1. Got a sec? Which of LEU159, LEU206, LEU182, LEU198 is open to solvent by 30 Å² or more (accessible area, probe 1.4 Å), within 30 Å of SER60 (Cβ to Cβ) and in contact (Cβ under 8 Å) with a residue 12 or more places away in the chain?
2. Any residue that is among the polar types (S, T, N, Q), outside any helix (DSSP H, G or I) and in contact with a helix residue (DSSP H, G or I) (Cβ under 9 Å, 6 or more places away or on another chain) - is there at least one of those in the range 13-31?
3. Could you run through the range 67-89 and say how many residues are open to solvent by 10 Å² or more (accessible area, probe 1.4 Å) and part of a loop (DSSP other than H, G, I, E, B)?
4. Is it true that some residue in the range 151-162 is farther than 16 Å from ALA112 by Cα and not in a helix (DSSP H, G or I)?
5. When you scan the range 41-62, how many residues do you find that are surrounded by fewer than 16 Cβ atoms within 10 Å (Cβ to Cβ) and out of contact with any Asp or Glu (no Cβ under 9 Å at 6 or more places or on another chain)?
6. If you go through the range 131-147 one residue at a time, do you hit one that is out of contact with any Lys or Arg (no Cβ under 8 Å at 6 or more places or on another chain), modelled with pLDDT under 85, among the β-branched types (Val, Ile, Thr) and in a helix (DSSP H, G or I)?
7. Pick out the one residue from ASN110, ASN92 that is over 20 Å from the mean Cα position of the chain (by Cα) and either part of a helix (DSSP H, G or I) or within 27 Å of SER4 (Cα to Cα) (or both).
Amino acid sequence: MDYSNYFEMNELANKCRRKWNIHDNNPIDIISLALNKINNLTISFLKFDGNFSGSSCIVSNQVLIFINSNHPLGRQRFTLAHEIYHLMAERNYINISSLSHEEIESNAENFASCLLLPHGGLDSYEEEFNIEKWTLEDIIKAEQYYQISHDAFLFRLNLLGKITEEEREKFKPHIKRNARKLGFTQQLYESYTNYEELVIGNYIRLIELSYDNQLISKEKRDKLLFNKYKEYSINKDENKKYEK
């Protein structure tokens, strides 16, 4: 994340939260919230190799987001928030015409981080729990409360000067074990689903309705739900990859 645009993206994320009637300090279920607040949205969780996190597009007024289901839940939530920024840009809610690819991706990462946990919410959390120096226990409790990516949260705390680079590296390993020691489940640090592929949202509703009304066969239904979406998501933008 680039600190230079951090507060600008925080304000944009806050505007999005206000539009959705979500208080700055409240954690959000970004998956359910997106499905409720973004019209004609379909989210496809597909298994991809490597560091491909996700992509998004708008086709015939249908909003499509693809997320790598091999990644931990915290990272998937970050990916979804990241893609919401790209969708806002594609719909011209924000102007990115003068930005480079690197600047756009930096904006998307800052936006995603602040959408899940606004800067004001972070300040309030520190004040409520009297955090003057972040420990690993503090970090795990905060990311569990806000359901955010461990790596992304460490990156942000380091960006804001709240932990050193050495502390960031020290806090990275064995997160599942450390969370378990504090009494938390490992769900945030594991993949979202054990299914090979999962599609939720508007597209699935339309396809299932057609299938229920015997307008398409089961084979056609399965092909529409999975095969074409996976092929499209892979080929749509090979360069749209990021790590967080």
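The values are calculated or read from the model by the stated rules, or taken from the named source; none is laboratory data. From a predicted model like this one, the values you see are computed outputs, not experimental measurements. We place every Cβ from the backbone using ideal geometry, glycine too, and count neighbours over all the protein chains shown. Areas reflect the complete protein model, heavy atoms only, side chains present, ligands, DNA and RNA absent. Shrake-Rupley method; radii C 1.70, N 1.55, O 1.52, S 1.80 Å.
1. Numbers: LEU159 fails: within 30 Å of SER60 (Cβ to Cβ); LEU206 fails: in contact (Cβ under 8 Å) with a residue 12 or more places away in the chain; LEU182 fails: within 30 Å of SER60 (Cβ to Cβ).
Only one candidate passes the filter, namely LEU198.
2. Step one: filter the range 13-31 for residues among the polar types (S, T, N, Q), giving 14, 21, 25-26.
When the remaining residues are screened for being outside any helix (DSSP H, G or I), the result is 21, 25-26.
Within this subset, residues satisfying the condition of being in contact with a helix residue (DSSP H, G or I) (Cβ under 9 Å, 6 or more places away or on another chain) are 25-26.
Yes - at least one qualifying residue is present in the range 13-31.
3. 2
4. Here is the first cut: in the range 151-162, the ones farther than 16 Å from ALA112 by Cα are 158, 161-162.
Narrowing the set further to residues that are not in a helix (DSSP H, G or I) leaves 161-162.
Looking for residues that are farther than 16 Å from ALA112 by Cα and not in a helix (DSSP H, G or I), one finds at least one in the range 151-162, hence yes.
5. Restricting attention to the range 41-62, the residues satisfying the condition of being surrounded by fewer than 16 Cβ atoms within 10 Å (Cβ to Cβ) are 47, 49-51, 58-62.
Checking which are out of contact with any Asp or Glu (no Cβ under 9 Å at 6 or more places or on another chain) leaves us with 49-50, 59-62.
Of the residues in the range 41-62, 6 are surrounded by fewer than 16 Cβ atoms within 10 Å (Cβ to Cβ) and out of contact with any Asp or Glu (no Cβ under 9 Å at 6 or more places or on another chain).
6. Among the residues of the range 131-147, not one is out of contact with any Lys or Arg (no Cβ under 8 Å at 6 or more places or on another chain), modelled with pLDDT under 85, among the β-branched types (Val, Ile, Thr) and in a helix (DSSP H, G or I), which makes the answer no.
7. Values: ASN110 fails: over 20 Å from the mean Cα position of the chain (by Cα).
That would be ASN92, the only listed residue that is over 20 Å from the mean Cα position of the chain (by Cα) and either part of a helix (DSSP H, G or I) or within 27 Å of SER4 (Cα to Cα) (or both).
Residue-by-condition table, conditions (1) open to solvent by less than 40 Å² (accessible area, probe 1.4 Å); (2) more than 24 Å from GLU11 (Cβ to Cβ); (3) free of Cβ contacts under 8 Å to residues at least 60 places away in the same chain:
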position: PHE111; (1), (2), (3): yes, no, no
position: ASP123; (1), (2), (3): no, no, yes
position: GLU127; (1), (2), (3): no, no, yes
position: GLU132; (1), (2), (3): no, yes, yes
position: ILE139; (1), (2), (3): yes, yes, yes
position: TYR146; (1), (2), (3): yes, no, no
position: SER149; (1), (2), (3): yes, no, no
